[in-house]
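Each reported figure results from applying straightforward, stated rules to the coordinates on display, with no laboratory input. For clarity, every value in this text was computed on a predicted model and none was experimentally measured. Cβ: placed from backbone, ideal geometry, glycine included. Neighbour counts: every protein chain shown.
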Ligand SMILES: Nc1ncnc2c1ncn2[C@@H]1O[C@H](COP(=O)(O)OP(=O)(O)OP(=O)(O)O)[C@@H](O)[C@H]1O
Ligand SMILES: [Mg+2]
């Protein structure tokens with residue numbers, strides 16, 4: 001039976017990173033990406049579906065950015081979402097993370113959590129992590145400190161940094177550093193990293209929270225070929241343990257990671273299937289891929 005979230009998800013407030021973030025624009029949305037304690041360990045996914053969106057509509061002044069959209073993501077799946085500019089891909093992520101409320105429709109995380117009733121912070125705490133296109137790491141802090149902060153729940157940044165880490169927490173940071181290939185840059189200020197490395201660090205910060213579902217909006221934009229290749233490798237490695245929803249325009253990248261692709265157009269699903277299948281779809285060719 002579906003139930004609304006319980007007090008279990010009403011945890012302490014997350015730390016306010018905008019204090020440290022020189023980039024306030026990006027910082028203002030940081031609370032949506034999973035800083036803070038996660039409470040969703042017992043997520044009920046007994047039917048194998050981690051995300052269920054049914055009949056979702058979003059209107060902006062009468063304009064339908066999402067239009068009766070249906071989407072199902074399986075546990076451990078790596079799903080790519082493609083589609084022309086303005087198709088509604090980012091709006092879709094906004095709905096999942098609680099940033100935008102649908103005017104209509106259902107959004108379930110696992111079997112029991114109604115995302116339409118949860119705040120952005122509750123959704124992040126329940127296990128949905130989001131990466132925005134622009135990296136939003138704390139440039140003045142080291143790679144290690146960025147990961148350390150992402151793990152903490154204490155509201156006070158400086159208290160967090162001073163607090164001693166447990167052996168388990170240290171191990172987790174070491175593991176994530178390895179995963180994002182930043183072990184040798186552990187003490188570098190994040191501001192000195194390349195654009196791609198900052199993106200990897202931000203993914204690492206998400207991983208510190210061990211989210212069940214990761215949403216990544218145009219993750220390889222601006223990356224070098226080598227960084228793009230590493231991102232593909234990384235996402236393939238993360239799939240299975242996590243579910244991933246990746247929005248990307250780079251078809252080479254999509255082809256290298258996706259086993260299942262959803263094409264959005266004018267706020268609805270236009271086609272779904274393997275990349276080969278959607279690439280052969282006449283409507284998809286017409287509205288997006290071209291001939
Ligand atoms: N807050 C808003 N107010 C009004 N219109 C909006 C708002 N957010 C999005 N839109 C409109 O909704 C439509 C979908 O936008 P969205 O950003 O979701 O597209 P997208 O698929 O992510 O595009 P892109 O590939 O360019 O990133 C666009 O026409 C956009 O102008
Ligand atoms: Mg977008």
Mind ordering 266-272, 282-288 by average Cβ neighbours within 10 Å, highest first? 266-272, 282-288
Name the shape class, rounded, prolate or oblate, that the alpha-carbon gyration tensor gives for region 123-235, where a ≥ b ≥ c are the square roots of its eigenvalues, rounded holds for a/c under 1.5, and otherwise prolate holds if a/b is larger than b/c and oblate otherwise. prolate
Just need the relative contact order of region 37-134 here, percent rounded to a whole number, with Cα pairs under 8 Å and 6+ apart. 36 percent
Column: log10 I(q)/I(0), Debye, Cα scatterers of region 168-291, q = 0.11, 0.15, 0.16 Å⁻¹: -0.44, -0.75, -0.83
Ranked packing of 60-68, 226-234, most packed first, by mean Cβ within 10 Å: 226-234, 60-68
Cα gyration tensor, region 49-199 - rounded (a/c under 1.5), prolate or oblate: prolate
Compute the Cα gyration tensor for region 168-207, then decide on rounded, prolate or oblate, letting a ≥ b ≥ c be the square roots of its eigenvalues: rounded whenever a/c is under 1.5, prolate when a/b is larger than b/c in the other cases, and oblate in all that remain. prolate
